[in-house]
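S.K.: Pasting in a structure now, in structure tokens, and then I'll have a few things to ask.
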Amino acid sequence: MGKFVVIGERLSTTAPIINKAFTERDPEPVLKRAEQQLKAGATYLDVNIGPAESDGEDLMKWAVQLLQSHFDNVPLALDTANKKAIEAGISVYNRAKGKPIVNSADAAGRIEYLDLAAANDAICIALCNGEGIAKDNDERMMYCQTLLERGMEHGMEAEDIWFDPLFLVVKGMQDKQMQILECIKMFSDMGLNSTGGLSNNSNGMPKAIRPIMDSALVAMAMMQGLTSAIVNPNDLRLMETIKSCDVFKGNTLYADSYLEI
Amino acid sequence: MPFTAKSGKFSASINTLTMGTGEKAIVLGGENVFPFYTFDAPIANAPKVGIEITDGGLEAEPDCVKKYYEGCTTVADMAKKAATFEGVDFLSLHLEGGDPNGENKPTEDLIKIVKEVADAVDLPIVISGCKNVEKDAEIFAKASEVLDGRNAVMLAAKEENYKNVGASAGLAYKQVVGAESADDINLAKQLNVLLTQLGVDAKSIVMNVGTAAAGYGYEYVVSTMDRIKAAALQQGDATLQMPIITPVATETWGIKESVATEEDMPEWGDQEARGIDMEVETAAADLASGSNAVILKHPESVATIAKMIKALI
């Protein structure tokens, strides 16, 4: 088993400072946040440029080249509703440190993102969701099958499809939490990789609580077989938990300084 | 369904590390497959074989080794002679006489020998310590200084003296730093982390992860090396991708199979043959388990292991 893959989530248009930097093509704030995340232990960086309807292609190319040239071809997850922008990003992407991740397909309107990933030999995050939130794991697994078949029909390896159970917010959907964890176990039993926006669980909670909830959930999810998550790597408690779980799972060899590497 | 052979080639690889300088320089590591798995991917740098002499000179050698050094009066003479034996890639000078619990030779005396040996041969040089951590720190600092520019290996820094040895050998004189642990994978990793945190270049570290003579708890050696190579290659653990160098002679020439005379143990047969057998068996097993270099004493062992490596790679 490989190490848990941390995809850093902090390069996103949802952050005003990054949104502004993307719009103005200002490298400095983007590079600063990228460096913070990589130093903290992120493997991949998610580049969320939002819907980016007008200049998405140009923006994604700019971001990919900027980040890869500064950080030794850091592997990236390309995250936007603009498909052409993802293709443009991949066209300038260097694979030396890992395939690009297409973020993301679902089992409804965005299923074609799998085709795009297949055509470009990319990894694809596959959200096990159709229209609205799946009511139970039968429905999630049906979407999982649909997505898996779609990807494989287009020539993808199963390992390049990272299934996302869709983490749900505790405040409002507390009763669904164990379902999500069971769903991860089902992915794992099928030998599939998985990922997701794990910190979604603690949305709306006080700032001091979120790292605690996120850490507890990541530990439980890793026990179930989760292989990756899209998270904030600058959450120290979370990263310490992930590194510790990697030791327990045998994904990394323990050394006294394991938290520092 | 047709059978498709799956390659056991990994995307990660063992670091390449150069020992020595000039024409005689050798390269350890670089492989991205398990030991001798050349059917999965080519292994560019075959494992290397070193020969060990000590500061004690001819007197300190087992009787069966002495005849190979006939006519040598100094350690430097022996070094020159050793360099001519078949299969020798590098020379290891074991400064065992420095041990405060043994002969306790002053560091200056030992360093004088280091200098003479270095002047006598152009082979890559390994300086093996006396096992006392304080004395070794002193010896390695001085040896690093007199061997400046030779890209020598200081074998080795331990948990107790890694700061001193790392600073002198690694930082001040850019020699290769050995990192020694004894069949303890977690400590092997930790030492590499500590040395790199100190500023020593990860690509200038070689590990001695411990060995035992075959039959003396050797299973631990196999599992230690196996797990280190698995972490380095399968998990891509950069803190364990350093090549491994294993001193074999120091283990095998002290055990009863090598020491007992034929008069005492007539049923065991020829003493020299036993000594060589123990050394060759242990070295072969170390190499099969993941060592990138072994250090031997008997010229016949060296030639045999060199031949084995050549036949396999």
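S.K.: Which FRET efficiency value, to the nearest 0.05, do you get for B:Glu103 and B:Ala5 by plugging their Cβ-Cβ distance into 1/(1 + (r/R0)^6) with R0 = 41 Å?
M.R.: Computed FRET efficiency for B:Glu103 and B:Ala5: 0.15.
S.K.: Ordered by packing density, taken as the mean number of other Cβ atoms within 10 Å over each peptide's residues, highest first, how do B:177-187, A:15-25, B:239-249 rank?
M.R.: The peptides rank, most packed first, as B:239-249, B:177-187, A:15-25.
S.K.: Which percentage, to the nearest 5, of the DSSP beta bridges contained in the range A:5-260 is antiparallel?
M.R.: Counting DSSP beta bridges with both partners in the range A:5-260, the antiparallel share is about 5 percent.
S.K.: If you find the alpha carbon centre of the range B:223-273 and of the range A:1-20, how far apart are they in angstrom?
M.R.: Between the Cα centre of the range B:223-273 and that of the range A:1-20, the gap is 48 Å.
S.K.: Right, here's the next one. Applying a 10 Å radius around every beta-carbon, put B:224-230, A:3-9 in order of their mean neighbour count, most first.
M.R.: A:3-9, B:224-230
S.K.: Now a separate question. Evaluate peptide B:187-193: per residue, the Cβ atoms of other protein chains within 10 Å of its Cβ; return the mean as an integer.
M.R.: 4
S.K.: Kindly write out, for the range B:168-179 in residue order, the coupling ³J(HN,Hα) from the Karplus curve 6.51 cos²θ - 1.76 cosθ + 1.60 (θ = phi - 60°), rounded to whole Hz, with x marking Gly and Pro.
M.R.: Listing the rounded values in order: 6, 5, x, 7, 6, 10, 6, 7, 7, 9, x, 10 Hz.
S.K.: How many angstrom lie between the C-alpha centres of the range A:199-238 and the range A:110-139?
M.R.: 22 Å
S.K.: Moving on to the next point. Could you point to the residue in B:Gln241, B:Tyr68, B:Ala212 farthest towards the positive end of the protein assembly as shown's charge dipole, with +1 and -1 charges on the Cβ of Lys/Arg and Asp/Glu respectively?
M.R.: Positive-most Cα among the choices belongs to B:Gln241.
S.K.: As an exercise, use a Förster radius of 60 Å and the Cβ-Cβ distance of A:Met173 and B:Asp63 to find the FRET efficiency, rounded to the nearest 0.05.
M.R.: The calculated FRET efficiency here is 0.15.
S.K.: Checking the a/c ratio against 1.5 first, then a/b against b/c, what shape does the Cα gyration tensor give for the range B:1-128?
M.R.: Cα axes put the range B:1-128 in the prolate bin.
S.K.: Given H placed 1.01 Å from N in the peptide plane, which residues other than close sequence neighbours of B:Glu52 have an amide H under 5 Å from its amide H?
M.R.: Distant-sequence amide H within range of B:Glu52: B:Ser92, B:Leu296, B:Lys297.
S.K.: Now a separate question. Report, by chain and number, residues whose modeled amide H sits under 5 Å from the one on B:Ala156, excluding near sequence neighbours (fewer than 5 apart, same chain).
M.R.: Residues meeting the criterion, in which the H sits 1.01 Å from N, are B:Gly129.
S.K.: Nearest 5 percent is fine: what portion of the DSSP beta bridges confined to the protein assembly as shown is antiparallel?
M.R.: Here the share of antiparallel DSSP bridges comes out near 5 percent.
S.K.: According to a simple spin-label model (label point 7 Å from Cα along Cα-to-Cβ), what is the distance in nm between B:Asp264 and A:Leu66?
M.R.: Each label point is offset 7 Å from its Cα along the Cβ direction, giving 7.5 nm.
S.K.: A further question follows. Work out the length of the dipole vector of the range B:9-98 about its Cα centre, built from +1 on the beta-carbon of each Lys and Arg and -1 on the beta-carbon of each Asp and Glu, and round it to the nearest 20 debye.
M.R.: Taking the Cα centre of the range B:9-98 as origin, the dipole is about 300 debye.
S.K.: Quick one: which of A:231-240, A:251-260 comes out on top by average Cβ neighbours within 10 Å, and what's the full order, highest first?
M.R.: Answer by packing, highest mean first, reads A:231-240, A:251-260.
S.K.: Next question. With a cut-off of at most 10 other beta carbons within 10 Å, and DSSP calling the residue loop, which GluC sites (Glu not before Pro) in the range B:21-53 qualify? Please list them.
M.R.: Answer in residue order: no site qualifies.
S.K.: Another question about this same structure. Can you run phi through the Karplus equation (6.51, -1.76, 1.60; θ = phi - 60°) for the range B:93-102 and list ³J(HN,Hα) in whole Hz, with x for Gly and Pro?
M.R.: Calculated HN-Hα couplings, in order: 9, 8, 8, 5, x, x, 4, x, 8, x Hz.
S.K.: About the Cα centre of the range A:46-144, how large is the charge dipole given +1 on each Lys and Arg Cβ and -1 on each Asp and Glu Cβ? Please answer in debye to the nearest 20.
M.R.: Charge dipole of the range A:46-144: 320 debye, to the nearest 20.
S.K.: Still on this structure, please answer the following. Contour minus end-to-end for A:Ala15 and A:Lys32, with contour as 0.36 nm per residue of separation and end-to-end as the Cα-Cα distance?
M.R.: 4.8 nm
S.K.: Turning to a different aspect of this structure: By its C-alpha gyration tensor, with a ≥ b ≥ c as the square roots of the eigenvalues, how is the range B:45-312 shaped: rounded for a/c under 1.5, else prolate for a/b larger than b/c, else oblate?
M.R.: Since a/c reaches 1.5 but b/c is at least a/b, the shape of the range B:45-312 is classed as oblate.
S.K.: Provide a whole-number value for the mean count of partner chain Cβ atoms within 10 Å of the Cβ atoms in peptide B:232-241.
M.R.: 3
S.K.: What order do you get for B:Trp268, B:Trp253, A:Trp62 when you list them from fewest to most C-beta neighbours inside 10 Å?
M.R.: The order, fewest Cβ neighbours first, is B:Trp268, A:Trp62, B:Trp253.
S.K.: Assuming R0 = 35 Å, what is the FRET efficiency of A:Lys83 and A:Ala208, from their Cβ-Cβ distance, to the nearest 0.05?
M.R.: It comes out at approximately 0.35.
S.K.: A further question on this structure: Specify which residue in the list B:Val153, A:Leu238, B:Val33 is farthest towards the positive end of the charge dipole of the protein assembly as shown, using unit charges on the beta carbon of Lys, Arg (+1) and Asp, Glu (-1), about the Cα centre.
M.R.: A:Leu238
S.K.: Moving on. Can you list the GluC sites (Glu not before Pro) in the range A:26-98 that are in a DSSP coil and have 15 or fewer other beta carbons within 10 angstrom?
M.R.: Within the range A:26-98, the qualifying GluC sites (Glu not before Pro) (loop, at most 15 other Cβ atoms within 10 Å) are A:Glu53.
S.K.: For every helix of n ≥ 4 consecutive DSSP H residues, a contribution of -39,500 (n - 2.57) applies; sum these over the protein assembly as shown, divide by its total residues, and give [θ] at 222 nm rounded to the nearest 500 deg cm²/dmol.
M.R.: Here the helix-only value at 222 nm equals -12000 deg cm²/dmol.
S.K.: Under a point-charge model restricted to the Cβ atoms of Lys and Arg (+1) and Asp and Glu (-1), what is the dipole moment magnitude of the range B:177-274 relative to its Cα centre, in debye to the nearest 20?
M.R.: 760 debye
S.K.: Then there is this: Which residue, B:Val121, B:Ser181, B:Ser144, has the largest displacement toward the positive end of the dipole of the range B:45-312 when charges sit on each Cβ (Lys, Arg +1; Asp, Glu -1)?
M.R.: B:Ser144
S.K.: Shielding by partners for B:194-205, please: the mean number of other protein chain Cβ atoms within 10 Å of each residue's Cβ.
M.R.: Whole-number average of other-chain Cβ neighbours for B:194-205 is 1.
S.K.: Can you put A:His154, B:His94 in order of Cβ neighbours within 10 angstrom, beginning with the fewest?
M.R.: Listing A:His154, B:His94 from fewest to most nearby Cβ atoms yields A:His154, B:His94.
S.K.: A further question on this structure: Go through A:Lys243/B:Lys189; A:Lys3/A:Lys99; B:Lys174/B:Lys203; B:Lys81/B:Lys142; A:Lys243/B:Lys158 and tell me which ones have a Cα-Cα distance over 18 Å in this structure.
M.R.: Table pairs above 18 Å Cα-Cα are B:Lys81/B:Lys142; A:Lys243/B:Lys158.
S.K.: Taking H as built 1.01 Å from N, whose amide H comes closer than 5 Å to the amide H of A:Arg10, not counting residues under 5 places away?
M.R.: Here the answer is A:Asp46, since their amide H atoms fall under 5 Å of that of A:Arg10.
S.K.: Now a separate question. A:Leu259 versus B:Ala311, label points 7 Å from Cα toward the beta carbon: distance in nm?
M.R.: Label at A:Leu259, label at B:Ala311, 5.2 nm between them.
S.K.: Next question, about the same structure. Which order results if A:Leu11, B:Leu28 are arranged by neighbouring Cβ count within 10 Å, fewest first?
M.R.: Ascending number of Cβ neighbours within 10 Å: A:Leu11, B:Leu28.
Each value in this text was obtained by applying a stated rule to the coordinates, not by laboratory testing. Computed from a predicted model, the values in this text were never measured in an experiment. Counting neighbours? That spans all protein chains shown, and the Cβs are built from the backbone with ideal geometry, glycine included.
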